[in-house]
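*Asks:* This is the structure I have questions about; it appears just below.
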Amino acid sequence: MNPTDLANQATATANRALELAEAARRAAEAVAPVAQAAEPFLYLLTIFLMACFVGYYVVWNVTPALHSPLMGVTNAISSVIVVGAILAAGTADNTLARIFGFIAVTLAAVNIFGGFLVTRRMLAMFQSKKRG
Amino acid sequence: MATISTLAYLVAAVLFILALRGLSHPETSRRGNLYGMIGMAIAIVATLFHHGMDIGGIVLILVGLALGGSVGAVVAKRIQMTALPQLVAAFHSLVGMAAVFVAAGAFYSPQSFGIGTHGHIHTQSLIEMSLGIAIGAITFSGSVIAFAKLDGRMSGAPIIFKGQHLLNAALGVLLLVLVISFVATGSPLLFWLIALLSFALGFLLIIPIGGADMPVVVSMLNSYSGWAAAGIGFTVGNLLLIVTGALVGASGAILSYIMCKGMNRSIINVLLGGFGAEAGGAAAGGGAGAERAPVKAGSPEDAAFIMKNAQKIIVVPGYGMAVAQAQQVLREMGDLLKKEGAEVEYAIHPVAGRMPGHMNVLLAEANVPYEDVKELEEINPEFAEADVAYVIGANDVTNPAAKTDKSSPIYGMPILDVEKAKTVFFVKRGMSSGYAGVDNELFFRPNTMMLFGDAKKVTQEIVQALQK
């Protein structure tokens, strides 16, 4: 093998390496946004599943006599969706989104106040012999 | 700032869990409710300090909170306890609608939630968003139908037509197609089409379900409202929404399961409107069958005389008691009988009434101590020792056919063993069969006495006779 051939071969190998590196870069770029998005999603999903289990065990401990108040409380706390509504109403960059946020805040507020207060009314009625 | 708000959300989530935990006993329940309120207040205040919030926005939010809050407070204060199931259904519909509007807010201003920019929302967020809209919209329209049925604005009878399930399935597939194209294009038109189609689907899913299956429907919509909140939580990447949504979703699912078990039916069977088709035919047959044996009808005075001499009386309330608003006078009767030295207890079937725990709330409203109110498993062994079972406005949940008649639609349903009591009183308006359209053979037994009339009126007359 003469030096010229060797040089050519080395150049070809170097070029090939460059191509591979370029391909790897493109692949990494293509994957990056997905990887970035996937990681928080898995994190949120984990928390979601854990919360399902917590809910499962806590609710089985609720006495059947209090199933109606349980619906009242869960209804009130599901209005925590108001958090999303507040973000839309207070930080959106256009009027339309703010209006949607405002409507959602109002609807959720009916539920928050109505839900907690009606539950309080229900629970106040449950009396023991000792007191009643 | 972000860390502080995340911490505040964490505290709120823990308080919500404690709120549910408190409901394990009436004594701790009031504190539980308070924890829930504090948690919600923390969540709202923490969000108001969010980065990018402007004064105009805060004013808008406070106006919304005040407006909705005062409506909610007034309704909660004025509502009659017998109207509780429809109130809860109405509240569920609001959560569903709010979820749709939050999704709309996020769609039209994605940068507020960090999920992209106008027209360039992350694919994953679009998927989560469409889930949020669909569940929210189904919760909304389903709850509106449940409300109308419970409030008597619409017949409680199942609405069934040919090809119903096929139509629902077709709409389901169409919804899936819309979601896929929405995720691919991010078009606003598709956003609203998904919402519209989901409204229609929620409506169609609930109309075939009959009145007495409402405890399952109300629990199920409770669960949906939780999943809707969680769906929105995923869309906007908010942990508190996800955690709370999961708690509520799990809670509603458990309640649905308990209600289905109380009827020995599968959730699928309830959702397909199981009893509806059978009820028509069976009721027609029942009319003829009712003539077959003499029924012993008594007067309130007769009942008062027998109960005066009884040692142990078990009262079995059902939806009829709620309709007649008979809970107060029922408690008066109980008090008088206790004065006579009798032991008075109340037996609650899991599916009595129109929502889980409905009877317990009504009895509590009438100042019946909760220790006297017993669940099915607890009270069933006691019927054999009871002198009197006073069944007021309940029917199917006492029917022994559930144990003996394999062909009966209610076969396998756990029942209250009232037939073991020495004397059984049935307070009923007439001889009609119950919701399941099945005759109750107990009416024809020698130890049964029918007290025909309005539940409240009959009980009032017994109270008057007892006072003599």
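The values are calculated or read from the model by the stated rules, or taken from the named source; none is laboratory data. This is a predicted model, so every value here is computed, not measured. Note that we place each Cβ from the backbone using ideal geometry, even for glycine, and neighbour counts take in every protein chain shown. Surface areas here come from the heavy atoms of the whole protein model, side chains and all, with no ligands, DNA or RNA. Shrake-Rupley method; radii C 1.70, N 1.55, O 1.52, S 1.80 Å.
*Asks:* Over the heavy atoms of residue A:107, what accessible area does a 1.4 Å probe trace out, to the nearest 10 Å²?
*Replies:* For residue A:107, the solvent-accessible surface is approximately 30 Å².
*Asks:* Which of the lysines could a cross-linker span from residue B:162 if the Cα-Cα distance has to be under 24 Å and same-chain partners fewer than 8 positions apart are dropped?
*Replies:* Output for residue B:162: B:149.
*Asks:* Another one. Please turn the phi angles of the range A:87-96 into ³J(HN,Hα) values with the Karplus equation 6.51 cos²θ - 1.76 cosθ + 1.60 (θ = phi - 60°), one per residue in order, whole Hz, x for glycine and proline.
*Replies:* Taking θ as phi minus 60°, the curve returns 4, 5, 5, x, 10, 5, 9, 9, 4, 4 Hz for the range A:87-96.
*Asks:* Using Cα atoms only, what is the angle between the long axis of helix B:188-206 and the major principal axis of chain B, expressed in degrees (0 to 90) to the nearest 10?
*Replies:* 10 degrees
*Asks:* Using the beta-carbon distance between residue B:343 and residue B:70 and R0 = 35 Å, what value does 1/(1 + (r/R0)^6) give for FRET efficiency, to the nearest 0.05? Show your work: numbers first, answer last.
*Replies:* Details: r = 46 Å, r/R0 = 1.33.
Efficiency for this residue pair is about 0.15.
*Asks:* How much solvent-accessible surface does residue B:120 expose, in Å² to the nearest 10, with a 1.4 Å probe and all protein chains in place?
*Replies:* 130 Å²
*Asks:* Gain in length, residue B:184 to residue B:157, computed as 0.36 nm per residue apart minus the alpha-carbon separation, to one decimal in nm?
*Replies:* Contour length minus the Cα-Cα distance gives 5.6 nm.
*Asks:* Between residue A:43 and residue B:269, how high is the FRET efficiency from 1/(1 + (r/R0)^6) when r is the Cβ-Cβ distance and R₀ = 45 Å? Nearest 0.05. Could the numbers behind the result be given before it?
*Replies:* On the way: r = 38 Å, r/R0 = 0.85.
Efficiency, from the Cβ-Cβ distance: 0.75.
*Asks:* In degrees from 0 to 90, rounded to the nearest 10, what is the angle of the helix B:2-22 Cα long axis to the longest principal axis of chain B?
*Replies:* Around 10 degrees separate the two axes.
*Asks:* Something else about it: Calculate the spin-label point distance for residue B:3 paired with residue A:2, positioning each point 7 Å from the Cα along the beta-carbon direction, and give it in nanometres.
*Replies:* It works out to 6.9 nm between the two label points.
*Asks:* Find the relative contact order for chain B and round it to a whole percent, using C-alpha pairs within less than 8 Å whose residues are 6+ positions apart.
*Replies:* Relative contact order here is 14 percent.
*Asks:* Between residue B:41 and residue B:10, what length comes free when the chain is fully extended (0.36 nm per residue of separation minus the Cα-Cα distance, one decimal in nm)?
*Replies:* Numbers: separation 31, 0.36 × 31 = 11.16 nm, distance 1.30 nm.
This chain segment gains 9.9 nm when fully extended.
*Asks:* Any idea of residue B:199's accessible area? Nearest 10 Å², probe 1.4 Å.
*Replies:* Accessible area, nearest 10 Å²: 50 Å².
*Asks:* Enumerate by residue number the trypsin sites (Lys or Arg not before Pro) in the range B:356-412 meeting two conditions: DSSP loop (anything except H, G, I, E, B), and at most 14 other Cβ atoms within 10 Å of the site's Cβ.
*Replies:* Details: sites: B:374, B:403, B:406; in loops: B:406.
For trypsin sites (Lys or Arg not before Pro) across the range B:356-412 that sit outside H, G, I, E and B with at most 14 neighbouring Cβ atoms in 10 Å, the list reads B:406.
*Asks:* Helix-derived [θ] at 222 nm for chain B: sum -39500 (n - 2.57) over DSSP H runs of at least 4, divide by residue count, nearest 500? Numbers along the way, then the final one.
*Replies:* On the way: 18 runs with 288 residues, N = 468.
That calculation yields -20500 deg cm²/dmol at 222 nm.
*Asks:* May I ask you to rank B:149, B:296 by accessible area, largest first, using a 1.4 Å probe over the protein chains only? Intermediate results must be reported in sequence, preceding the final value.
*Replies:* Values: B:149 15, B:296 100 Å².
From most accessible down to least: B:296, B:149.
*Asks:* Expressed as an acute angle from 0 to 90° and rounded to the nearest 10, what is the orientation of the C-alpha long axis of helix B:84-108 relative to the principal long axis of chain B?
*Replies:* Helix B:84-108 sits roughly 10 degrees off the main axis of chain B.
*Asks:* Please tell me which of these pairs span more than 27 angstrom C-alpha to C-alpha: B:296/B:374; B:261/B:308; A:129/B:261; B:338/B:428; B:261/B:420? Intermediate results must be reported in sequence, preceding the final value.
*Replies:* Values: B:296/B:374 29 Å; B:261/B:308 36 Å; A:129/B:261 31 Å; B:338/B:428 24 Å; B:261/B:420 23 Å.
From B:296/B:374; B:261/B:308; A:129/B:261; B:338/B:428; B:261/B:420, over 27 Å: B:296/B:374; B:261/B:308; A:129/B:261.
*Asks:* Right, here's the next one. Using a Förster distance of 51 Å, how high is the FRET efficiency between residue B:83 and residue B:120, based on the Cβ-Cβ distance and rounded to 0.05? It would help to have the intermediate numbers written out before the result.
*Replies:* On the way: r = 48 Å, r/R0 = 0.93.
Result of the calculation: an efficiency of 0.60.
*Asks:* Also, I was wondering about something else. Calculate one ³J(HN,Hα) per residue across the range B:381-388 by plugging θ = phi - 60° into the Karplus curve 6.51 cos²θ - 1.76 cosθ + 1.60, and present them in order as whole Hz with x for glycine and proline.
*Replies:* Karplus values, whole Hz, x for Gly and Pro: x, 7, 4, 4, 8, 7, 7, 9.
*Asks:* Ok, one more. Considering only protein heavy atoms, with the full assembly of protein chains and a 1.4 angstrom probe, order B:302, B:396 by accessible area, largest first.
*Replies:* Reading off the accessible areas and sorting them downward yields B:302, B:396.
*Asks:* So, one more: Of B:38, A:103, which has the most accessible area with a 1.4 Å probe, and how do the rest follow in descending order? Show your work: numbers first, answer last.
*Replies:* Numbers: B:38 80, A:103 55 Å².
These residues rank, largest area first, as B:38, A:103.
*Asks:* On a full-extension model of 0.36 nm per residue, what is the gain between residue B:62 and residue B:384, subtracting their alpha-carbon distance, rounded to one decimal in nm?
*Replies:* 110.0 nm
*Asks:* Relative contact order for the range B:300-467: what is it in percent, counting Cα pairs under 8 Å that are at least 6 residues apart? Please report the intermediate quantities before stating the final value.
*Replies:* Numbers: 319 pairs, mean separation 48.6, N = 168.
Here the relative contact order equals 29 percent.
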